[in-house]
1. One residue is enough: does the stretch 85-103 have a residue meeting the conditions more than 19 Å from residue 53 (Cα to Cα), part of a loop (DSSP other than H, G, I, E, B) and at pLDDT 95 or above?
2. Can you tell me which condition residue 156 does not meet? The list is (1) in contact with a helix residue (DSSP H, G or I) (Cβ under 8 Å, 6 or more places away or on another chain); (2) at positive phi; (3) surrounded by 17 or more Cβ atoms within 10 Å (Cβ to Cβ), and all the others hold.
3. Identify, by number, the condition in (1) touching a residue at least 60 places away in the same chain (Cβ under 8 Å); (2) surrounded by fewer than 20 Cβ atoms within 10 Å (Cβ to Cβ) that residue 39 doesn't meet.
4. Tell me the helices (runs of 4 or more DSSP H) entirely within the stretch 108-204 that contain at least 2 residues that are within 20 Å of residue 35 (Cβ to Cβ).
5. Would you say residue 64 is in a loop (DSSP other than H, G, I, E, B), modelled with pLDDT of 95 or more and touching a strand residue (DSSP E or B) at 6+ places or on another chain (Cβ under 6 Å)?
6. Can you tell me how many residues within the stretch 22-53 are assigned to a loop (DSSP other than H, G, I, E, B) and in contact with a strand residue (DSSP E or B) (Cβ under 6 Å, 6 or more places away or on another chain)?
7. Yes or no: the stretch 160-179 includes at least one residue that is out of contact with any strand residue (DSSP E or B) (no Cβ under 6 Å at 6 or more places or on another chain), surrounded by 15 or more Cβ atoms within 10 Å (Cβ to Cβ) and over 20 Å from residue 144 (Cβ atoms).
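The values are calculated or read from the model by the stated rules, or taken from the named source; none is laboratory data. Just so it is clear, the structure is predicted and the values come from calculations on it, not from any experiment. Neighbour counts run over all protein chains shown; Cβ positions are idealised from the backbone, glycine included.
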């Protein structure tokens, strides 16, 4: 669904890929296969899900190129509290903190700036799927920190007080323009952005 073919087209083989909300590592491992010299920095905040991420990196023999991190990403380094459903749930995040009976966990967080430059140089490709965490980490970061990023895919969510329009305005200030957007419902959707005004991924 993230259109890895479009994200990686024309990228240098040793590109840096940043995967925030890496879940069990499907995107990270696929990106490493598609770009044979790439480094992938994968961040998964959930302690339970992060275990699956580490296992899948190892099973695919990608330990030297895919770097799994059991850390959250925020605008500023510190801690993040979120809902953790366990068992590699795709619903872990800040959207469901108020639901009755949900397990809350607090994890260490690095800043967006740190994540973007974890390899020592800027990420070229960024994927973000963090169940509501995208607004804090993106809108609270410095547009200048995104200057080396060439393409982005982001899932945005219906979080009270926020909307896709804010994200689009921020990315425009960072030199990244909307290439394609696929809205679902209730403020939820996927967006692809690029530097240089490239057309978005072809419909499937």
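1. Taking every residue of the stretch 85-103 in turn, none turns out to be more than 19 Å from residue 53 (Cα to Cα), part of a loop (DSSP other than H, G, I, E, B) and at pLDDT 95 or above.
2. (2)
3. (2)
4. Filter on the stretch 108-204 gives 112-116.
5. Taking the combined requirement at face value, the residue does not satisfy it.
6. Number satisfying all stated conditions: 3.
7. Within the stretch 160-179, one or more residues are out of contact with any strand residue (DSSP E or B) (no Cβ under 6 Å at 6 or more places or on another chain), surrounded by 15 or more Cβ atoms within 10 Å (Cβ to Cβ) and over 20 Å from residue 144 (Cβ atoms).
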